[in-house]
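To start, the structure under review is shown below, and the notes come after it.
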Amino acid sequence: MTGLRRIRRAARFDPTDSVPVAPLLGAHAVRLARIPFDLACQQPDLQADALLHAVEAYHPDAIFTLMDLSAEPEALGAEIGFRPESLPVVSRHVPVERLLSEQLDEVVLTARVPVFTAVVSRLRGALGEEVMVGALVSGPLTAAANAVGIEVLARMLRRRPALVSAALERLAS
């Protein structure tokens, strides 16, 4: 039974030959491949190569792109600090006014988000129907908190919950 078939059967509560395994191998895969994180987060081929190496080493039922919580904030306008030794971080938050404005339309497919879609395409092409392939995407609350800063968002949730709710709905759609 292939990993993808095992996961599909488990999702339907049908019997499987074993419990599906879907570890988050992204950062570990990059370290294993000895690729600098700053390059792996910006170059789809390097990230895909690292993940394919991890699939060969561990034989998971599913593989996911790197869990990079700075990609969505970058698409929303945050400045990102890239370092070779670790995943990128938000170095300058987005002004809260931007998050609350109507400027959010069509921004999610900018910045590095296309890197992750390219990695998924490359993985799917290499792995076919053997292994489930996925990308990790932040939900609207996580993306907003990382974009404007958790403290700012927490204050806004207390002081202007309706505005934050509207912004989160726009982020989610």
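The values are calculated or read from the model by the stated rules, or taken from the named source; none is laboratory data. Note that the structure is a prediction, hence the values are computed from the model and not measured. All Cβ positions, even for glycine, are placed from backbone atoms using ideal geometry, and neighbour counts span all protein chains on display.
Here are some notes:
- Here the condition is being under 23 Å from ARG112 (Cα atoms) and basic (Lys, Arg); of ARG31, ARG9, ARG5, it holds for ARG31 alone.
- Of everything listed in (1) modelled with pLDDT of 90 or more; (2) out of contact with any helix residue (DSSP H, G or I) (no Cβ under 7 Å at 6 or more places or on another chain); (3) crowded, with 17+ Cβ neighbours inside 10 Å, the single unmet condition for ARG98 is (1).
- Residue pairs whose Cβ atoms lie under 7 Å apart, separated by 6 or more positions or on different chains, with the first residue in the range 76-100 and touching a residue at least 40 places away in the same chain (Cβ under 8 Å) and the second hydroxyl-bearing (Ser, Thr, Tyr), are PRO88/SER70; VAL90/SER70.
- Residue that is modelled with the highest pLDDT [pool: residues in the range 118-141 that are out of contact with any Asp or Glu (no Cβ under 8 Å at 6 or more places or on another chain) and under 20 Å from GLY77 (Cβ atoms)]: LEU141
- Taking residues in the range 38-64 that are over 14 Å from LEU127 (Cα atoms), and partners anywhere that are among the charged types (D, E, K, R), the pairs with Cβ atoms closer than 8 Å and at least 6 places apart or on different chains are ASP38/ARG83; CYS41/ASP68; CYS41/ARG112; GLN42/ARG112; PRO44/ARG122; ASP45/ARG122.
- Subset of the range 41-78 [over 22 Å from GLY3 (Cβ atoms), at pLDDT 95 or above and among the acidic types (Asp, Glu)]: ASP45
- Some residue of the range 76-85 being in contact with a strand residue (DSSP E or B) (Cβ under 7 Å, 6 or more places away or on another chain), under 30 Å from ALA167 (Cα atoms), of a type outside the set (Val, Ile, Thr) and assigned to a loop (DSSP other than H, G, I, E, B): yes
- Screening the range 124-173 for residues that are surrounded by fewer than 18 Cβ atoms within 10 Å (Cβ to Cβ) and among the β-branched types (Val, Ile, Thr) and picking the one that is farthest from ALA71 (Cα to Cα) gives VAL152.
Condition check ((1) in contact with an Asp or Glu (Cβ under 7 Å, 6 or more places away or on another chain); (2) surrounded by fewer than 19 Cβ atoms within 10 Å (Cβ to Cβ); (3) within 15 Å of ALA135 (Cα to Cα); (4) not aromatic (Phe, Trp, Tyr)) across all residues:
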{"position": "PRO44", "(1), (2), (3), (4)": "no, no, yes, yes"}
{"position": "THR65", "(1), (2), (3), (4)": "no, no, yes, yes"}
{"position": "ARG83", "(1), (2), (3), (4)": "yes, yes, no, yes"}
{"position": "PRO88", "(1), (2), (3), (4)": "yes, no, no, yes"}
